[in-house]
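To start, the structure itself, in structure tokens.
The values are calculated or read from the model by the stated rules, or taken from the named source; none is laboratory data. Quick caveat, the model's predicted, so the values are computed rather than measured. Cβ placement follows ideal geometry from the backbone for every residue including glycine, while neighbour counts extend to all protein chains displayed. Each accessible area value is taken on the protein alone, full model and side chains, heavy atoms only, with ligands, DNA and RNA left out. Shrake-Rupley method; radii C 1.70, N 1.55, O 1.52, S 1.80 Å.
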Amino acid sequence: MAVYVSLNPFNHLLKTLNIDGQKYKYYDLLGLQDERYNRLPYSIRVLLEAAIRCCDNFHIKQEDVQNILAWEISQQNESGVEVPFKPARVILQDFTGVPAVVDFAAMRDAVKKLGGNPEKINPLCPADLVIDHSVQVDFTKSGDALQKNQTLEFERNKERFVFLKWGAKAFKNTMIVPPGLGIVHQINLEYLGRVVFNNEGLLYPDSLVGADSHTTMINGLGIVGWGVGGIEAEAVMLGQAISMVLPKVVGYRLVGKVNSYVTSTDVVLTVTKHLRQVGVVGKFVEFFGPGVEELSIADRATIANMCPEYGATIGYFPVDEKSLLYLKQTGRNEGMLKYIEDYLKAVKMFRNYRNTDEDPVFSEVVELDLGNVVPCVSGPKRPHDKVPISEMRKDFLQCLSNKIGFKGYGIPHSKLDIEVPFEYNDKKFILKHGSVVIAAITSCTNTSNPSVMLGAGLLAKKAVERGLSVLPYIKTSMSPGSGVVTYYLKESGVTEYLEKLGFDTVGYGCMTCIGNSGPLPGPVVEAIETGDIVACGILSGNRNFEGRIHPNTRANYLASPLLVVAYAIAGTVVIDFETEPIGKGPAGEDVYLKDIWPSHQEIQEVERKYVIPAMFNEVYAKIQNGNARWNALKAPDGLLYPWDEKSTYIKSPPFFNDMTKDLPSVRGIEHAHVLLLLGDSVTTDHISPAGSISRSSPAARYLAERVITPREFNSYGARRGNDAVMARGTFANIRLVNKLIGKAGPKTIHHPSQLEMDVFDAAEKYLSENIPLIIIAGRDYGSGSSRDWAAKGPYLLGVRAVIAESFERIHRSNLVGMGIIPLQFLPGENAETLGLTGKEIYSISLPDNVRAGQTIPVNLKDGRSFNVIVRFDTEVELTYFHHGGILHYMVRKMLESNER
């Protein structure tokens, strides 16, 4: 929060900073005169400053400040030390912004219904909302794909955009970035990131939370921020502090330099695997060492972006000279640059990575020599399963015959060499295991990085000049992170070569990476299904979980944009680039990847010449001016939203229907059935898909009943403002493996009748029978995107608890936010060791004075019992649970403030 008040016991630290004749206020942390401050990791210094600035001895107490200052000791506490944090701002993209605005609108309705003032429901924390649009890419190798997709986007999502435009008027302190400008995280990096806030003359570090796990991309610019559940983000916007356990901080020391064939993508995939092995879940990672100076801000942002994939809360690079150069390159003004530098130096938050005297104390230190990084990809089913390019052919062939798992498909030996002929555009082709059918330069991970984007363009240029091409049935596309990328690709002269290989710009947003590639050609799909082919997608994305990219690509590999182009040309992943040609030239001569790979020097020369401040200024001027389509939208006025009962996009959620002013009593769960029995690494993509809506799904039936044609179904992501669609889409992923069924698919067993049903239909039947539900899962339940509907959906299905071996941080928080109890098996125990089949009937008693981290029994109707840990991790989370969730808590707080 920005405002300092007279009640703050640390106001004696307020000092004046004179910069170019202008006076600024700031909290002088050196005025604490405490040597411990100089040993704190830079990320912890940001938490300390926020605690000091926002200390009111109510939300944030002096004791909290002392606990953060004593981080070296506090972080060693086995039970954890709870501290509050008030970020400076919140960032949302429309897929999370729509549910937030829907919830705020519904909260206003609830406050009014219960006799309060609905105007009190208003963001206090600055909120940046980016309409990060995402469409089905249906226009393979079409030169006007961008215009067609943007037209389609407005046709499909006009109602959603109108609603957001209403929200921008109805709620204060909210800035909205219109559609068509780029991916939220890249816009955050290039335009929205402040680094240091200047709030009416008070300077303090920029910090944020975002309702997307890849919010951490901003850590590359020296801004502390991470992903939270959409529900938690809403609470922060309404002035609540985040309650967190003071984290351990892993120091990641970088030394050496990368070799000429290595890209930032290779570095990040190497770091991701390394940190997964180290184990950094729930920890901060802070990068230091001389190797950091070898990385551009875009490189650092690429590494920070993948933070959720290595499991840390943040992957932080403190501000240095390169940060200031990046701010200048991206068009930030000189006055801003001056107060950023002077303020950060005044509070010792400005780094010189080569000066070891500035190295803080860390919980532990790990090291990577950049010289040991080799070109690589990750896959075929997880982002941290790194595969060196030199081993790609061998690894994929092993995956084919390995038993089904993260690195296996269980293909019988007799079908390993199957070939399926097909015709496409009157030409004959053959599909095999490993054939590439999707190649996409997409997602925020890499499209923010000029070095790999220009590198892909230069590789495409050399390939075209050598007579190479891409097979016509391969679905190629490019969705840059912002209009700036299109600008510098065009100015540098590489756009035409990318387009000749089929990499037309199809839009600015999360596309193939989130499953919005659109359908494959019919003959290709038929060939895949006929031969049970393990076809491949190659994408410069950050996630490749099963069922996420496309239902017809069972293998998906994350790669640099350069390698996306390379594998598209090769047409298969079953190739050793070191020994086999990538293709043949016009005279039949062999062309190898090394023949067309651009050097570091070539890429750097083009980047220096064409990535300039004027581009950023021109592109981001459109934020203020909007565009013709956006400006033409007419949004309703008024404090309360006029809900349209017939809408299939925007619907008032039922969360507050039965809410009372009084606090409900703590209730246990009696005689619950198991809706789903799941294994390890069940992601939020499994729980709440964001991609296309299957025509055979309950959501499709709901839409069809409202005379919506399949062409108009759009995606689950686009319909996040409609709880009826999203509840029906819960556990609708075609790759979901429910052990009650024993095969992939969105099905379960309704135990009383023993009927196999769609998950939603079974849940509806249980609800009609007043039977509560639980879910049993393995390790890392809820990994992947920070998707609030992955908690809201189960809540609407009647799920009241999840028992798992472990939880992903953000998803566990979301479950608490919706009043679902996260329960964890004791160490060494799981469903298998306890002999749980999912057919049992469960009762879970919660004591009235339930404590964070308490161990409680779970009793089965057959007389057995076992103990679990209640994963309410802080007292604040317990408070939310007692209220029935964060949203109910906030409504009651607003009602209390009205009555004071």
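Among the numbered criteria (1) open to solvent by less than 30 Å² (accessible area, probe 1.4 Å); (2) under 18 Å from Leu501 (Cα atoms); (3) modelled with pLDDT of 95 or more, which one does Leu539 miss?
If we test Leu539 against (1) open to solvent by less than 30 Å² (accessible area, probe 1.4 Å); (2) under 18 Å from Leu501 (Cα atoms); (3) modelled with pLDDT of 95 or more, just (3) comes out false.
Taking strands (runs of 3 or more DSSP E) that fall entirely within segment 288-384, which contain at least 3 residues that are open to solvent by less than 20 Å² (accessible area, probe 1.4 Å)?
Of the strands (runs of 3 or more DSSP E) lying wholly inside segment 288-384, those with at least 3 residues that are open to solvent by less than 20 Å² (accessible area, probe 1.4 Å) span 314-316, 376-378.
Return the residues of segment 618-629 that are more than 16 Å from Gln150 (Cβ to Cβ) and open to solvent by 80 Å² or more (accessible area, probe 1.4 Å); say none if nothing qualifies.
Result: Glu618, Gln624, Asn625.
Kindly list, by first and then second residue, each pair from a residue in segment 623-636 that is β-branched (Val, Ile, Thr) to a residue that is open to solvent by 80 Å² or more (accessible area, probe 1.4 Å), limited to pairs with Cβ atoms under 6 Å and residues at least 6 apart or on different chains.
none
For segment 271-294, which positions are modelled with pLDDT under 95, within 22 Å of Ser443 (Cβ to Cβ) and touching a Lys or Arg at 6+ places or on another chain (Cβ under 8 Å)?
Passing the criteria: Thr272, Lys273.
Scan segment 522-533 and give yes if some residue there is open to solvent by 20 Å² or more (accessible area, probe 1.4 Å) and assigned to a loop (DSSP other than H, G, I, E, B), otherwise no.
Yes, segment 522-533 contains a residue that is open to solvent by 20 Å² or more (accessible area, probe 1.4 Å) and assigned to a loop (DSSP other than H, G, I, E, B).
Could you run through segment 387-406 and say how many residues are closer than 24 Å to Val737 by Cα, within 28 Å of the chain's Cα centre (by Cα) and crowded, with 19+ Cβ neighbours inside 10 Å?
2
Pairs needed: first member in segment 762-775, surrounded by fewer than 19 Cβ atoms within 10 Å (Cβ to Cβ); second member anywhere, assigned to a loop (DSSP other than H, G, I, E, B); C-beta distance under 6 Å; at least 6 residues apart or different chains.
Leu767/Gly798
Can you confirm whether Val452 is in contact (Cβ under 8 Å) with a residue 40 or more places away in the chain, open to solvent by 10 Å² or more (accessible area, probe 1.4 Å) and under 34 Å from the mean Cα position of the chain (by Cα)?
In short, no.
Please verify whether Ile575 is β-branched (Val, Ile, Thr), buried (at least 24 other Cβ atoms within 10 Å of the Cβ) and over 30 Å from Ile612 (Cβ atoms), treating the condition exactly as stated.
For Ile575, the condition - β-branched (Val, Ile, Thr), buried (at least 24 other Cβ atoms within 10 Å of the Cβ) and over 30 Å from Ile612 (Cβ atoms) - is not met.
Please specify each residue of segment 527-549 satisfying the condition of being farther than 25 Å from Ala718 by Cα and out of contact with any strand residue (DSSP E or B) (no Cβ under 7 Å at 6 or more places or on another chain).
Glu529, Asp532
Going through segment 264-287 one residue at a time, which ones are open to solvent by 20 Å² or more (accessible area, probe 1.4 Å) and either over 18 Å from the mean Cα position of the chain (by Cα) or within 22 Å of Asn449 (Cα to Cα) (or both)?
Within segment 264-287, Lys273, His274, Gln277, Val278, Gly279 meet the criteria.
Condition test on Arg554, is it open to solvent by 10 Å² or more (accessible area, probe 1.4 Å), over 30 Å from Pro179 (Cβ atoms) and under 23 Å from the mean Cα position of the chain (by Cα)?
yes
Looking at Phe825 and the list (1) among the aromatic types (Phe, Trp, Tyr); (2) farther than 30 Å from Pro653 by Cα; (3) in contact (Cβ under 8 Å) with a residue 60 or more places away in the chain, which single condition is not satisfied?
(3)
Please report, ordered by residue number, the helices (runs of 4 or more DSSP H) entirely within segment 420-503 with at least 3 residues that are more than 18 Å from Ser264 (Cβ to Cβ).
In segment 420-503, 450-465, 483-491, 495-500 are the helices (runs of 4 or more DSSP H) which contain 3 or more residues that are more than 18 Å from Ser264 (Cβ to Cβ).
Consider segment 201-245. How many of its residues are more than 19 Å from the chain's Cα centre (by Cα) and free of Cβ contacts under 8 Å to residues at least 40 places away in the same chain?
Going through segment 201-245 one residue at a time, the tally reaches 0.
Could you identify the single residue in Gly80, Gly21, Gly31 that is open to solvent by less than 70 Å² (accessible area, probe 1.4 Å) and either on the phi > 0 side of the Ramachandran plot or of a type in the set (Lys, Arg) (or both)?
Gly80
Can you pull out the residues in segment 192-213 that are at pLDDT below 95 and buried (at least 24 other Cβ atoms within 10 Å of the Cβ)?
Scanning segment 192-213 gives Gly210, Ala211, Asp212, Ser213.
Would you check if there is a residue in segment 756-771 being among the acidic types (Asp, Glu) and in a loop (DSSP other than H, G, I, E, B)?
Yes: segment 756-771 contains one or more residues that are among the acidic types (Asp, Glu) and in a loop (DSSP other than H, G, I, E, B).
Return yes when Asp862 is closer than 15 Å to His673 by Cα, out of contact with any strand residue (DSSP E or B) (no Cβ under 8 Å at 6 or more places or on another chain) and acidic (Asp, Glu) and no when it is not.
yes
Applying the selection to segment 153-179, what residues are exposed (fewer than 15 other Cβ atoms within 10 Å of the Cβ) and either hydroxyl-bearing (Ser, Thr, Tyr) or in a strand (DSSP E or B) (or both)?
If the condition is that a residue be exposed (fewer than 15 other Cβ atoms within 10 Å of the Cβ) and either hydroxyl-bearing (Ser, Thr, Tyr) or in a strand (DSSP E or B) (or both), then Met175 is the only one that fits.
If you take the residues of segment 666-699 that are without any contact (Cβ under 8 Å) to a residue 40 or more places away in the chain and not aliphatic (A, V, I, L, M), which of them is nearest to Phe161 (Cα to Cα)?
Going through the qualifying residues, I end up with Arg695.
Being of a type outside the set (D, E, K, R), closer than 28 Å to Gln93 by Cβ and surrounded by 24 or more Cβ atoms within 10 Å (Cβ to Cβ): is that true of Thr512 here?
Against the criterion (of a type outside the set (D, E, K, R), closer than 28 Å to Gln93 by Cβ and surrounded by 24 or more Cβ atoms within 10 Å (Cβ to Cβ)), Thr512 qualifies.
Does Ser845 meet the test of being surrounded by fewer than 23 Cβ atoms within 10 Å (Cβ to Cβ) and among the hydroxyl-bearing types (Ser, Thr, Tyr)?
Answer is yes for this residue.
Within segment 393-443, which residues are of a type in the set (D, E, K, R) and touching a Cys at 6+ places or on another chain (Cβ under 8 Å)?
If the condition is that a residue be of a type in the set (D, E, K, R) and touching a Cys at 6+ places or on another chain (Cβ under 8 Å), then Lys407 is the only one that fits.
I'm trying to understand the selection: among the residues of segment 660-706, which are among the hydrophobic types (A, V, I, L, M, F, W, C), out of contact with any strand residue (DSSP E or B) (no Cβ under 9 Å at 6 or more places or on another chain), in a loop (DSSP other than H, G, I, E, B) and over 18 Å from Leu815 (Cα atoms)?
Leu663
Looking only at segment 707-740, filter to residues that are touching a strand residue (DSSP E or B) at 6+ places or on another chain (Cβ under 6 Å) and under 30 Å from Gly835 (Cα atoms); which one of those is most open to solvent (accessible area, probe 1.4 Å)?
Residue satisfying both the conditions and the ranking: Lys739.
What helices (runs of 4 or more DSSP H) lie completely within segment 1-70 and have 1 or more residues being under 23 Å from Glu286 (Cα atoms) and of a type in the set (A, V, I, L, M, F, W, C)?
So the answer is 42-53, 62-69.
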